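Single-structure report; data block below.
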Ligand SMILES: C[S@@+](CC[C@H](N)C(=O)[O-])C[C@H]1O[C@@H](n2cnc3c(N)ncnc32)[C@H](O)[C@@H]1O
């Protein structure tokens, strides 16, 4: 499964014991078992009740985990997360711009968003007895949604099956500083 994320994905989160973290589409807790021992708190959301139950079993040794069974797109989450990450899940989300805007709203200033998107461009996943419709991702679209959501791309890498982007929510002071610089530049060029 490291083919979709792996050690560099975990390191990109820059975890420490002060960080509050959110995983979108926690699944059975495959990545969360590596994150929980290295952060202050981990909130995991997943739309599937059965999957959340398995995550609860697999993560039962950690006291700093909160699991929510809900749709990330419609759930109300209260918090400023220092890190939000997601792997192998965005292909299930149709409105990716809204999802990334929601991520940006949930991140604290300077917070990190680490996203792995599947390279697979098939529109269905074959589950044996049924086919599940998915919405393939593409890195160019994701870059433009990050930028539109004021998340600054700070790193990108590829794994065998995925593209990973690491982006940061610019702090308010950076915006104020930038705005002031624009105002100063405007007044310096006034009358030219
Ligand atoms: C392929 S699994 C990946 C699980 C985990 N991230 C991993 O890499 O092991 C995708 C997960 O996303 C969940 N999911 C899909 N759409 C979701 C949504 N809108 N909100 C929350 N979870 C969702 C699914 O239930 C599933 O558990």
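Compute the helix-to-body angle for 172-189: its Cα long axis versus the longest principal axis of the chain, expressed 0 to 90° and rounded to tens.
The answer is roughly 30 degrees.
Starting from the Cα gyration tensor of the chain, take the square roots of the eigenvalues, sort them a ≥ b ≥ c, and report rounded, prolate or oblate (rounded when a/c is under 1.5, otherwise prolate if a/b is larger than b/c, else oblate).
prolate
Using the alpha-carbon atoms, what tilt in degrees (0 to 90, nearest 10) does helix 139-148 show relative to the longest principal axis of the chain?
Helix 139-148 sits at roughly 50 degrees to that axis.
Determine the shape class of the range 77-141: with a ≥ b ≥ c the square roots of the Cα gyration tensor eigenvalues, call it rounded for a/c under 1.5, and otherwise prolate if a/b is greater than b/c, oblate otherwise.
Prolate, since a/c reaches 1.5 and a/b exceeds b/c.
If you restrict to DSSP beta bridges whose two residues both lie in the chain, what percentage is antiparallel, to the nearest 5?
Close to 45 percent.
Note the angle between two axes, namely the Cα long axis of helix 49-58 and the longest principal axis of the Cα atoms of the chain, as a number of degrees from 0 to 90, rounded to the nearest 10.
In the chain, helix 49-58 runs at an angle near 90 degrees to the longest axis.
If each DSSP helix of 4+ residues adds -39,500 (n - 2.57) and the sum is divided by the residues in the chain, what number results at 222 nm, nearest 500 deg cm²/dmol?
After summing the helix terms and dividing by residue count, I get -9000 deg cm²/dmol.
Does the range 38-81 classify as rounded, prolate or oblate by the C-alpha gyration tensor (a ≥ b ≥ c root eigenvalues; a/c under 1.5 gives rounded; else a/b over b/c gives prolate, otherwise oblate)?
Cα axes put the range 38-81 in the oblate bin.
The range 116-146 to the range 1-68: how many Å between their Cα centroids?
About 21 Å separates the Cα centre of the range 116-146 from the one of the range 1-68.
Just so you know, all these numbers are worked out from the coordinates, no wet-lab data involved. Note that the coordinates shown come from a computational prediction; the quantities given were computed from them, not determined experimentally.
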